[in-house]
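To keep things clear, I will list the structure first and then write my remarks on it.
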Amino acid sequence: MQPIVHLAVGYLCYAGYVRWSEGTPPGERATVVAAVGTALPDLLDKPPWLLGLTVGRTIGHSLLFAVPLVLAGWLLARSSGRPSLGIAFAIGVASHLATDVPWHVIAGDYDELGFLLWPITPMPPYSGTKPLATVGGVEVTTLWLEAVILVAGAALWWVDGRPGLEPSRQRSDG
């Protein structure tokens, strides 16, 4: 999944949780924390890949790293009296890892799921965009579904008042 789409999924998941638990749109600070959690796996793993190293999903995408990280984040947020930030971070990280799984399952590329338990399981090469079907002679790929998800996430974020921008606006104003 493309990094920007992970942000949309993370927002959809976090906004859904906040609406379910509080009945309101997400707040500013927690939205930023959820976005950081959502982006973190790619922020950790993509720079070496962009430099030409044969990795794309290692520590940042491994449950062996993510679970302790999420627990540490939740404990830190709880000890500072802001448990909702720990929940936002957990939803962000979990949504990223969870949405990297379906494309491999749909395509039958189960061996590519080795990233979930890296370094215990080998890191297979990542094959990227997956074909889903051919409709009217046009190949429909995972990118099509990602585009729909991106639009849905951006639309909800817009309707919610674009939470997460206010802290940067406040910094630039003062």
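The values are calculated or read from the model by the stated rules, or taken from the named source; none is laboratory data. Quick caveat, the model's predicted, so the values are computed rather than measured. To get the accessible areas, we keep the full protein, side chains included, count just its heavy atoms, and leave off ligands, DNA and RNA. Shrake-Rupley method; radii C 1.70, N 1.55, O 1.52, S 1.80 Å.
Heavy atoms of the protein chains alone define the surface here; on that basis the chain has 56 Å² accessible area per residue at 1.4 Å probe size. Amide H contacts of Thr141: Leu132, each under 5 Å away and 5 or more positions distant or on a separate chain (H built 1.01 Å from N in the peptide plane; Pro and chain starts excluded). Report which label in [x] 9.2; [y] 10.7; [z] 12.4 holds the value of mean projected area of the Cα convex hull in nm² derived from the coordinates of this structure. Evaluating mean projected area of the Cα convex hull in nm² on these atoms matches [z]. Highest mobility in the GNM of the chain, judged by mean-square fluctuation with C-alpha springs under 10 Å and restricted to Gly128, Gly114, Gly153, is found for Gly128.
In the elastic network of the chain, a GNM with C-alpha springs shorter than 10 Å, the most mobile of Gly37, Gly73, Gly108 is Gly108.
Taking all Cα pairs closer than 8 Å and separated by 6 or more residues, the relative contact order of the chain comes to 29 percent. Here the chain has 70 percent of its accessible surface on carbon and sulfur atoms, given a 1.4 Å probe and all protein chains in place.
When the chain is treated as a Gaussian network with alpha carbon springs shorter than 10 Å, the biggest mean-square fluctuation among Leu145, Leu12, Leu113 belongs to Leu145.
As a check on your grasp of the helix formula, calculate [θ] at 222 nm for the chain: sum -39500 (n - 2.57) over DSSP H runs of n ≥ 4, divide by the residue count, round to the nearest 500.
-20500 deg cm²/dmol
In the chain, the longest principal axis of the Cα atoms and the axis of helix 63-79 are about 0 degrees apart.
Entry note, region 1-49: relative contact order of 43 percent, from Cα contacts under 8 Å with a spacing of 6+ residues.
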